[in-house]
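Input: a single structure, listed below in structure tokens.
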Amino acid sequence: MAKILPVAVIGAGPVGLAAAAHLVARGIIPVVFERGTKVASSMRDFSHVRLFSPWRYNVDEAARALLEETGWKAPDPDALPTAGEMIDTYLALLAAHPSIEPQIMLGTEVTAIGRLGLDRMSSAGRADAPFQVGWKAKDGRTGTIEAHAVIDASGTWSNPSPMGADGMPVKGEAMLSDVIGYGIPNVLGPERPRYADKRVLIVGSGHSATNVALDLVRLRDEEPGTEILWGLRKAGIGKLFRGGLDDQLPERGALGLAAGNVIEDGRVKVLAPLAIRSVERNGDTVTVAADLNGSRIVLEVDRIVVATGFRPNFDMLRELRVAIDPITEAPPALAPLIDPNVHSCGSVPPHGAVELAHPEPDFYIVGSKSYGRAPTFLMATGYEQVRSVVAEIAGDREAARRVQLVLPETGVCSAPSVPSRIVSGCCGGPAPKDVEACCADDAGAKAEGKSGCGCGSAA
């Protein structure tokens with residue numbers, strides 16, 4: 001009689017737990033590895049942040065079915081939870097469900113994945129060999145389990161991108177971990193003393209950087225000695241405005257509008273394009289040497305927040321045959337659909353197990369890690385991914401290919417209708433409705449006192 005093996009799920013965040021729920025719904029045993037001592041450990045790092053996706057996009061349907069068995073009532077579908085509220089109201093309860101809780105290995109990091117008895121170079125019998133998943137617990141214990149399939153939902157939060165405009169750490173960055181924060185520090189909560197009445201430099205231009213800037217503005221309102229510098233690694237501030245009122249996720253659109261407001265009224269000083277060369281401790285401050293629009297400058301700041309995105313870590317996958325797009329670090333079939341060099345609208349064509357497949361049969365990367373370095377991932381995307389992937393693992397190919405993914409539009413559409421990764425012109429999307437400008441970048445240029453952005457020039 002053939003040995004029945006579980007499916008290994010790496011990561012007990014929203015997408016990993018959703019994968020477990022779908023596996024349980026199909027009668028397949030999951031084993032969920034979570035490096036943290038609690039589920040959703042990465043999400044707990046930004047528990048103070050209000051999500052811009054309302055509850056209607058944040059609850060997986062298989063998970064909902066399991067929870068409703070216990071009498072769970074879903075929150076108001078239009079309410080916007082913080083990450084912490086999502087953990088307490090949904091994820092922690094899902095992880096405690098009797099069909100999932102015994103299958104979670106907390107405080108356990110996956111260190112390596114391979115095929116039993118075969119290294120990466122071995123092909124004969126590979127598809128029939130079980131996976132071998134090596135793990136290490138926080139108390140030092142190690143072990144392996146065999147698995148029929150592997151779903152990597154480990155995310156990218158623990159691997160933030162460095163400060164350099166070239167994607168590399170700048171000189172001195174690694175030595176100043178006590179004054180450099182990454183991601184979205186809680187500047188209004190436990191970390192307040194580190195930022196109050198300080199001169200803070202934010203590096204980055206995405207949603208994380210915008211959240212940090214707006215939180216620091218709120219801190220500045222209470223602690224007027226707080227000074228905020230915002231370094232953008234590319235020219236123009238049009239990207240910050242994003243879709244504004246046209247965004248179908250109002251909270252996401254509001255971020256861009258709020259960013260424009262605090263820049264316009266001077267509460268935040270924007271430095272763009274800023275390429276930092278080095279950081280060095282200078283007594284109680286940090287000396288930042290950088291190029292600002294081609295000219296060398298030196299800044300003295302108290303703290304730096306690096307919010308330049310995240311990137312996947314593939315170390316544990318070295319013995320698997322994994323195909324990665326050289327630009328986005330996403331699966332090759334998915335990469336052209338999400339490459340920010342081409343797509344900026346936030347609309348992603350339907351995709352599932354087919355686009356997420358690798359040369360290694362029955363191995364899938366899902367969730368934010370599947371997007372590699374692309375910044376447009378939404379939780380609803382991950383839920384649809386795992387629904388399709390689990391159907392494929394279960395042998396239900398028809399269900400796996402019946403993918404329907406409708407994401408809320410950002411209101412920013414600057415992608416050309418040509419099969420190329422190169423965008424001509426500047427544009428940056430439509431201008432905010434109340435601004436006399438031809439595009440978002442034109443609005444940004446005029447906000448900086450320039451005549452405009454020069455639309456139509458070659459990129």
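The values are calculated or read from the model by the stated rules, or taken from the named source; none is laboratory data. Not measured: the values here are computed from a predicted model. Virtual Cβ from ideal backbone geometry, glycine too; neighbours counted across all protein chains shown.
Checking each residue in the range 44-82 for being in contact (Cβ under 8 Å) with a residue 60 or more places away in the chain, surrounded by 16 or more Cβ atoms within 10 Å (Cβ to Cβ) and assigned to a helix (DSSP H, G or I) picks out Tyr57, Ala62.
Inside the range 309-327, residues that are within 19 Å of Pro361 (Cα to Cα) and among the aromatic types (Phe, Trp, Tyr) make up a count of 1. Please determine, by comparing only the residues of the range 30-51 that are of a type in the set (A, V, I, L, M, F, W, C) and touching a helix residue (DSSP H, G or I) at 6+ places or on another chain (Cβ under 7 Å), which one is nearest to Ser158 (Cα to Cα). Among those residues, the one meeting the criterion is Met43.
Restricting the search to strands (runs of 3 or more DSSP E) fully inside the range 284-328 and requiring at least 2 residues that are free of Cβ contacts under 8 Å to residues at least 40 places away in the same chain, over 23 Å from the mean Cα position of the chain (by Cα) and under 30 Å from Glu227 (Cα atoms) gives 285-292, 295-301. When Ile228, Ile237 are checked against the criterion of being modelled with pLDDT under 80, of a type in the set (Val, Ile, Thr) and surrounded by 18 or more Cβ atoms within 10 Å (Cβ to Cβ), a single residue qualifies: Ile237.
For the range 336-358, the count of residues that are in a strand (DSSP E or B) and in the same structural domain as Ala19 (by TED's automatic domain parsing) is nonzero. For the range 50-71, the count of residues that are hydrophobic (A, V, I, L, M, F, W, C), assigned by TED's automatic domain parsing to the domain that holds Gly367, at pLDDT below 95 and farther than 26 Å from Asp315 by Cα is at least one. Residues in the range 351-381 that are touching a residue at least 60 places away in the same chain (Cβ under 8 Å) and among the hydrophobic types (A, V, I, L, M, F, W, C) were compared, and the one that is surrounded by the most Cβ atoms within 10 Å (Cβ to Cβ) is Val366.
Return the total of residues in the range 110-129 being among the acidic types (Asp, Glu) and either outside any loop (DSSP other than H, G, I, E, B) or surrounded by 15 or more Cβ atoms within 10 Å (Cβ to Cβ) (or both).
1
Among strands (runs of 3 or more DSSP E) entirely within the range 133-212, having at least 2 residues that are at pLDDT below 95, touching a Pro at 6+ places or on another chain (Cβ under 6 Å) and farther than 30 Å from Val389 by Cβ singles out no element at all.
Filtering the range 334-376 to residues that are more than 23 Å from Ala8 (Cα to Cα) and among the hydrophobic types (A, V, I, L, M, F, W, C) leaves Ala335, Leu337, Ile338, Val342, Cys345, Val348, Ala374.
Out of Thr328, Thr376, I need the residue that is touching a helix residue (DSSP H, G or I) at 6+ places or on another chain (Cβ under 8 Å) and at pLDDT 80 or above. Which one?
Going through Thr328, Thr376 in turn, the sole match is Thr328.
Scan the range 360-367 and give yes if some residue there is at pLDDT 95 or above and β-branched (Val, Ile, Thr), otherwise no. So far as the range 360-367 goes, yes, one or more of its residues are at pLDDT 95 or above and β-branched (Val, Ile, Thr).
Per-residue answers, yes or no, for (1) within 25 Å of Ile28 (Cα to Cα); (2) touching a residue at least 12 places away in the same chain (Cβ under 8 Å); (3) outside the structural domain of Val366 (by TED's automatic domain parsing):
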{"site": "Ser122", "(1), (2), (3)": "no, no, no"}
{"site": "Gly125", "(1), (2), (3)": "yes, no, no"}
{"site": "Asp128", "(1), (2), (3)": "yes, no, no"}
{"site": "Phe131", "(1), (2), (3)": "yes, yes, no"}
{"site": "Gly134", "(1), (2), (3)": "yes, yes, no"}
{"site": "Lys138", "(1), (2), (3)": "no, yes, no"}
{"site": "Ile145", "(1), (2), (3)": "yes, yes, no"}
{"site": "Ala149", "(1), (2), (3)": "yes, yes, no"}
{"site": "Ala165", "(1), (2), (3)": "no, yes, yes"}
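Flag: Val348 matches the condition of being surrounded by 17 or more Cβ atoms within 10 Å (Cβ to Cβ) and aliphatic (A, V, I, L, M). Return the total of residues in the range 188-229 being touching a Gly at 6+ places or on another chain (Cβ under 7 Å) and free of Cβ contacts under 8 Å to residues at least 40 places away in the same chain. Going through the range 188-229 one residue at a time, the tally reaches 1.
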